[in-house]
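Below: the structure, in structure tokens.
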């Protein structure tokens, strides 16, 4: 009897020991799984990949009123300086119903990562701005709406962002180009008065920009300079104008109204040291020559106010600047109207 009881105790102890060992092993595996899960989540939180811009943070680190921003927009309004800009009588300005322009722009960052509160991005940005005139019921040339010029901007940039509050952007290469429509030979200030034609514009430069968001305010500024100063008319590369050096500053103010709706306003100011050339086409049409060139400082001012609905903004905007479009760069272009932009 005693032997039976002893065997029963030994068997029970063995079974219990196996259960305890299995339970301990299972508990150890669960702990390891939980630690691995926590480590994975922590690592993912530290290293985030997003090739596109994030609305809530990135829109505050972009100059809303900066004419060179990479934000898509539709502008409708009036060109107050139209008679000084569009001097060709064939435009029939008295029959213009409205002026408008469309800009398609965005940026993508194929190399982008976030570690803790620091974000690094290397990407490209593109902007295409097209100016149009609407004649209403009046058919001018090929229709009631015609394209008069386009201006494109392409850049490669490096972004260094801290805590979604401070961004430093280095743009080692920005390419600007402009073209005029086939039926208009460009700004009369570019040629010798004979209207033989104007070459398409193409220049490259470098930029440094800094953005800082503090509560309702975004402050920003930057400098730009051209890679080289084209001054020899004998070279094959001829351009009608080039920004040799420039700087800009600005501020955006966003005041919450309700939900994702903000009242937005701001001001942008820039000053460019530009070279403007008078161009003459050779008699045989083989090339263009620079007859003369002028270098001077030219200011830019833009103000606006409106409402921001998350990524979409509608606002009244006024600007006075030397247009980047070939049709009016030698004269100041003064515009007022409604600007509708979308950040994506």
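What follows is calculated from the coordinates using simple rules that are stated; it is not laboratory data. Predicted model only: the values in this text are computed from it and were never measured. Heads up, the Cβs are rebuilt from the backbone with ideal geometry, glycines too, and the neighbour counts pull from every protein chain shown.
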Residues 277, 121, 311 arranged by fewest to most Cβ contacts within 10 Å | 311, 121, 277
Which of 321, 326, 206, 32 comes first, and how do the rest follow, when ranked by fewest Cβ neighbours within 10 Å?
-> 32, 206, 321, 326
Based on the alpha-carbon gyration tensor of region 251-344, what equivalent-ellipsoid semi-axes (square roots of 5 times the eigenvalues) come out, in whole Å, largest first?
-> 39, 15, 10
Arrange the following residues from fewest to most other Cβ atoms within 10 Å of their Cβ: 157, 248, 175.
-> 175, 157, 248
